[in-house]
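One structure is given below, encoded as structure tokens.
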Amino acid sequence: MAPVVTSVSPTQGNPAGGTPVTINGSGFTGATVVRFGPNLATNVVVVSNTQITARTPPGSGTAKVTVTGPTGTSTQNVFFTYTTVAAPVLTALSPTSGPTTGGNTVTLTGTNLTGATQVLFGATPATILTNTATQITATAPAGTGTVNVTATTPGGTSNPLPYTYTTVSAPTLTNLNPTSGPTTGGNTVTLTGTNLTGATQVLFGATPATILTNTATHITVSAPAGPPSVVNVTVTTPGGISNPLSYIYVAAPVVTGVTPQFGPDTGGNSVTITGSGLALAGAVHFGPNLATGFTVISDNQLTATAPPGTGTVVVTVTTPGGTSTLGPGNPYYTYLGAPVINSLIPNEGSSLGGDSVTINGSNLTYTDSVTFGGVPASFSVLSDTLAVATAPAHAAGTVNVQLHTPAGNSNTLPFIYDPA
């Protein structure tokens, strides 16, 4: 079967010939002749059974492209148009230098750049990434010294612009701040070091971070999400890959209980907080108020000094992993006003004890003891303003009656024991 031609690229070129073209199709193995109209192409190379490269001969108008092989000549109507195409002109390169290893992206700016078939750095082809009439982006090949960069289009080869290969020092990391963060990511991490200019990638383990800012000595990134673990953070620049520094992904803390669950509205008492993920605690809050101090006992326990407050609040712990949220357990803490005794009815009784004494006051709900002259009495709390106690036996005389709640001791009122 004769060769089949399906396309030619580019489809137009200079009447003077010499335009590099690629011919696509099938049955090219053993092909000996490529014609543009009646004229023979030059520099014919059979790349594969489906592709041939060649340079156009001089010509004019529209010429049919044919390939001749041992089995015949193609007959498909694939055409190449001879037209006067303005030669490409380069006006700028950005950047004008790069690493000897290549691999960086270089932008060529100019005019008449459409249909670029080749960009050379010296004698070495670059990989063309994008191409418009005024701009080409290409991946620089490896090289040394200063070389000329040129672009070739159907209109010819451009003027040269110099590009310098430089030895770029590898990046070095000296510090991360912070060194830990939540598993959800999204927090800002600052990397400090040297030779950090032109960072192309920051990895947390195998996961890329979003680069926010970049100077020679600092990079800020938005950390990606990751499971609870320790990962290596590295930076890649044109100079290579940096040394690793450790970063810890911390699970959010959990508060499951507080002891005691009550305390004075003036604060100042010690509260034990239990849960998980507490070891890296940076702050403890009682509702909106910051604890005045805390001590980490273990990953499951810490003690905090309650700040002043009112009502029932949620106790939260903040670590690099985030702030605890409501979950299993009882993270609530209730502030109590100090108990007050307003009256005792009656305020005297027999030294044998057994008299029922009504205590009127305020903040009595959480009463946990009532004493007559220091002697514990049995009692019942009826409301926040009313309690009833049974006077214990006591020597004749006047004693102080006092009650206690988690908020502290009440004031005292006298009770008179009469001789039996």
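Out of contact with any Ser or Thr (no Cβ under 6 Å at 6 or more places or on another chain), farther than 30 Å from Val250 by Cβ and either without any contact (Cβ under 8 Å) to a residue 24 or more places away in the chain or of a type in the set (Gly, Ala, Ser) (or both): does that describe Thr398? Don't jump to the end; show me each part of the working.
Numbers: out of contact with any Ser or Thr (no Cβ under 6 Å at 6 or more places or on another chain): yes; farther than 30 Å from Val250 by Cβ: yes; either without any contact (Cβ under 8 Å) to a residue 24 or more places away in the chain or of a type in the set (Gly, Ala, Ser) (or both): yes.
It is true that Thr398 is out of contact with any Ser or Thr (no Cβ under 6 Å at 6 or more places or on another chain), farther than 30 Å from Val250 by Cβ and either without any contact (Cβ under 8 Å) to a residue 24 or more places away in the chain or of a type in the set (Gly, Ala, Ser) (or both).
In the set Thr316, Thr325, which member is open to solvent by 40 Å² or more (accessible area, probe 1.4 Å) and not aliphatic (A, V, I, L, M)?
On the way: Thr316 fails: open to solvent by 40 Å² or more (accessible area, probe 1.4 Å).
The unique qualifying residue is Thr325.
Only residues in the range 202-218 that are assigned to a loop (DSSP other than H, G, I, E, B) count as the first member; pair them with residues that are among the small types (Gly, Ala, Ser), Cβ under 7 angstrom, at least 6 apart or cross-chain, and list the lot.
The qualifying pairs are Gly205/Gly226; Ala209/Ser222; Ala209/Ala223; Thr217/Gly193.
Could you tell me how many of the residues in the range 65-84 are open to solvent by 40 Å² or more (accessible area, probe 1.4 Å), touching a residue at least 24 places away in the same chain (Cβ under 8 Å), under 57 Å from the mean Cα position of the chain (by Cα) and within 16 Å of Pro3 (Cα to Cα)? Even if it seems obvious, please write down each step before you answer.
Narrowing the range 65-84 to residues open to solvent by 40 Å² or more (accessible area, probe 1.4 Å): 70-71, 73, 75-77, 79, 81, 83-84.
Adding the requirement that they be touching a residue at least 24 places away in the same chain (Cβ under 8 Å) leaves 70-71, 73, 75-76, 79, 81, 83-84.
Within this subset, residues satisfying the condition of being under 57 Å from the mean Cα position of the chain (by Cα) are 76, 79, 81, 83-84.
After this cut, where a residue has to be within 16 Å of Pro3 (Cα to Cα) as well, the list is 76, 79.
Residues flagged as open to solvent by 40 Å² or more (accessible area, probe 1.4 Å), touching a residue at least 24 places away in the same chain (Cβ under 8 Å), under 57 Å from the mean Cα position of the chain (by Cα) and within 16 Å of Pro3 (Cα to Cα) within the range 65-84 amount to 2.
For a quick check of your reading of the model, give me the residue pairs whose first member lies in the range 1-13 and is under 14 Å from Thr152 (Cβ atoms), whose second is part of a strand (DSSP E or B) and of a type in the set (A, V, I, L, M), with beta-carbon atoms closer than 9 Å and at least 6 apart or on different chains.
The qualifying pairs are Ser9/Val21; Ser9/Ile23; Pro10/Val21; Gly13/Val21.
I'd like to know if the range 94-101 contains one or more residues that are closer than 14 Å to Val21 by Cβ, open to solvent by 40 Å² or more (accessible area, probe 1.4 Å) and assigned to a strand (DSSP E or B). Working first, answer last.
Our first condition is that a residue be closer than 14 Å to Val21 by Cβ; within the range 94-101, this holds for none.
Checked the range 94-101: no residue is closer than 14 Å to Val21 by Cβ, open to solvent by 40 Å² or more (accessible area, probe 1.4 Å) and assigned to a strand (DSSP E or B).
Checking Val33 against (1) out of contact with any Lys or Arg (no Cβ under 8 Å at 6 or more places or on another chain); (2) open to solvent by less than 70 Å² (accessible area, probe 1.4 Å); (3) at pLDDT below 95, which test does it fail?
The number of the failed condition is (3).
Just checking, how many residues over the range 317-353 are of a type outside the set (A, V, I, L, M) and under 43 Å from the mean Cα position of the chain (by Cα)?
Taking the range 317-353 as the starting set, the residues that turn out to be of a type outside the set (A, V, I, L, M) are 318-325, 327-335, 337, 339, 342-343, 346-351, 353.
Checking the rest, the ones that are also under 43 Å from the mean Cα position of the chain (by Cα) come to 318-325, 327-335.
Residues flagged as of a type outside the set (A, V, I, L, M) and under 43 Å from the mean Cα position of the chain (by Cα) within the range 317-353 amount to 17.
Where residues in the range 218-234 are among the β-branched types (Val, Ile, Thr) and open to solvent by less than 60 Å² (accessible area, probe 1.4 Å), which of them is farthest from Ser169 (Cα to Cα)?
In the first step, residues of the range 218-234 are kept if they are among the β-branched types (Val, Ile, Thr); the result is 219-221, 230-231, 233-234.
If we keep only those that are open to solvent by less than 60 Å² (accessible area, probe 1.4 Å) too, we end up with 219-221, 231, 233-234.
Values: Ile219: 17, Thr220: 20, Val221: 22, Val231: 25, Val233: 19, Thr234: 15 Å.
Checking each candidate, the answer is Val231.
Would you mind finding the one in Pro162, Pro154, Pro141 that is modelled with pLDDT of 95 or more and under 26 Å from Thr22 (Cβ atoms)? Reasoning before the result, please.
Working: Pro162 fails: under 26 Å from Thr22 (Cβ atoms); Pro154 fails: modelled with pLDDT of 95 or more.
Answer to the check: Pro141.
Does Thr50 fit the bill of being at pLDDT below 95 and either farther than 26 Å from Ala138 by Cβ or hydroxyl-bearing (Ser, Thr, Tyr) (or both)?
no
Let's see how each residue does on (1) more than 28 Å from Ala283 (Cα to Cα); (2) of a type in the set (S, T, N, Q); (3) at pLDDT below 95; (4) within 17 Å of the chain's Cα centre (by Cα):
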| residue | (1), (2), (3), (4) |
| --- | --- |
| Leu191 | no, no, no, yes |
| Ala209 | no, no, no, yes |
| Leu212 | no, no, no, yes |
| Val231 | no, no, no, yes |
| Asn243 | yes, yes, no, no |
| Phe262 | no, no, yes, no |
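On the basis of being within 19 Å of Tyr165 (Cβ to Cβ), surrounded by 17 or more Cβ atoms within 10 Å (Cβ to Cβ) and not small (Gly, Ala, Ser), does Val119 make the cut? Break it down into steps so the answer makes sense when it comes.
Numbers: within 19 Å of Tyr165 (Cβ to Cβ): yes; surrounded by 17 or more Cβ atoms within 10 Å (Cβ to Cβ): yes; not small (Gly, Ala, Ser): yes.
Taking the combined requirement at face value, the residue satisfies it.
Restricting attention to the range 153-191, and to residues there that are of a type in the set (Ser, Thr, Tyr), open to solvent by 20 Å² or more (accessible area, probe 1.4 Å) and in a strand (DSSP E or B), which single residue is farthest from Ala209 (Cα to Cα)?
If we filter the range 153-191 for residues that are of a type in the set (Ser, Thr, Tyr), which is where we start, we get 153, 157-158, 163-167, 169, 172, 174, 179-180, 183-184, 188, 190.
Okay, now just the ones that are also open to solvent by 20 Å² or more (accessible area, probe 1.4 Å), so 157, 164, 166-167, 169, 172, 174, 179, 183-184, 188, 190.
Now drop any that are not in a strand (DSSP E or B), which leaves 157, 164, 166, 172, 174, 188, 190.
Working: Thr157: 41, Thr164: 30, Thr166: 27, Thr172: 17, Thr174: 18, Thr188: 10, Thr190: 12 Å.
It comes out as Thr157.
So which residues in the range 382-418 are closer than 26 Å to Ser270 by Cβ, open to solvent by 50 Å² or more (accessible area, probe 1.4 Å), polar (S, T, N, Q) and in a strand (DSSP E or B)?
Gln402, Asn409
Filter the range 1-14 down to the residues that are assigned to a strand (DSSP E or B) and open to solvent by 60 Å² or more (accessible area, probe 1.4 Å), then identify the one that is farthest from Phe80 (Cα to Cα). Lay out the reasoning, then the answer.
Filtering the range 1-14 for residues assigned to a strand (DSSP E or B) gives 4-9, 12-13.
Next, only the ones that are open to solvent by 60 Å² or more (accessible area, probe 1.4 Å) stay: 6, 9, 12.
On the way: Thr6: 12, Ser9: 9, Gln12: 5 Å.
Per the criteria, the residue is Thr6.
Restricting to the range 27-58, what's the tally of residues that are assigned to a strand (DSSP E or B) and among the small types (Gly, Ala, Ser)?
Step one: filter the range 27-58 for residues assigned to a strand (DSSP E or B), giving 33-36, 39-40, 42-48, 51-55.
Pick out the ones that are also among the small types (Gly, Ala, Ser) and you get 48, 54.
Qualifying residue count for the region: 2.
If I ask for residues that are polar (S, T, N, Q), open to solvent by 70 Å² or more (accessible area, probe 1.4 Å) and touching a Pro at 6+ places or on another chain (Cβ under 7 Å), which ones from the range 278-298 would you list? If you could, list the steps in order and put the result at the bottom.
Going residue by residue through the range 278-298, those that are polar (S, T, N, Q) are 289, 292, 295, 298.
Now narrow it down to the ones that are open to solvent by 70 Å² or more (accessible area, probe 1.4 Å): 292, 295.
Of everything in the range 278-298, just one residue is polar (S, T, N, Q), open to solvent by 70 Å² or more (accessible area, probe 1.4 Å) and touching a Pro at 6+ places or on another chain (Cβ under 7 Å), namely Thr292.
Return a yes/no flag: does the range 359-378 have any residue that is open to solvent by less than 70 Å² (accessible area, probe 1.4 Å) and among the charged types (D, E, K, R).
The first filter runs over the range 359-378 and keeps only residues open to solvent by less than 70 Å² (accessible area, probe 1.4 Å), leaving 359-365, 367, 369-375, 377.
So of that shortlist, the ones also among the charged types (D, E, K, R) come out as none.
The answer is no, given that none of the residues of the range 359-378 is open to solvent by less than 70 Å² (accessible area, probe 1.4 Å) and among the charged types (D, E, K, R).
For the range 195-208, does any single residue satisfy the condition of being under 30 Å from Pro331 (Cβ atoms) and open to solvent by less than 50 Å² (accessible area, probe 1.4 Å)?
Keep residues of the range 195-208 that are under 30 Å from Pro331 (Cβ atoms), which gives none.
Checking the range 195-208: not a single residue is under 30 Å from Pro331 (Cβ atoms) and open to solvent by less than 50 Å² (accessible area, probe 1.4 Å).
Would you tally the residues in the range 15-26 being in contact with a Ser or Thr (Cβ under 7 Å, 6 or more places away or on another chain) and in a loop (DSSP other than H, G, I, E, B)? Lay out the reasoning, then the answer.
Pass one, the range 15-26, residues in contact with a Ser or Thr (Cβ under 7 Å, 6 or more places away or on another chain): 15, 17-22, 24-26.
Then drop every residue that is not in a loop (DSSP other than H, G, I, E, B), which leaves 15, 17-19.
Of the residues in the range 15-26, 4 are in contact with a Ser or Thr (Cβ under 7 Å, 6 or more places away or on another chain) and in a loop (DSSP other than H, G, I, E, B).
Do we have any residue at all in the range 267-275 that's crowded, with 16+ Cβ neighbours inside 10 Å and of a type in the set (Ser, Thr, Tyr)? Even if it seems obvious, please write down each step before you answer.
Applying the first criterion (crowded, with 16+ Cβ neighbours inside 10 Å) to the range 267-275 yields 267, 271, 273-275.
When the remaining residues are screened for being of a type in the set (Ser, Thr, Tyr), the result is 274.
So far as the range 267-275 goes, yes, one or more of its residues are crowded, with 16+ Cβ neighbours inside 10 Å and of a type in the set (Ser, Thr, Tyr).
The values are calculated or read from the model by the stated rules, or taken from the named source; none is laboratory data. Everything numeric here is computed off the predicted structure, so don't read it as measured data. Every residue, glycine among them, receives a Cβ derived from its backbone with ideal geometry; neighbour counts consider all protein chains shown. The protein model used for the area step is the full one, side chains on, heavy atoms only, and it has no ligands, DNA or RNA in it. Shrake-Rupley method; radii C 1.70, N 1.55, O 1.52, S 1.80 Å.
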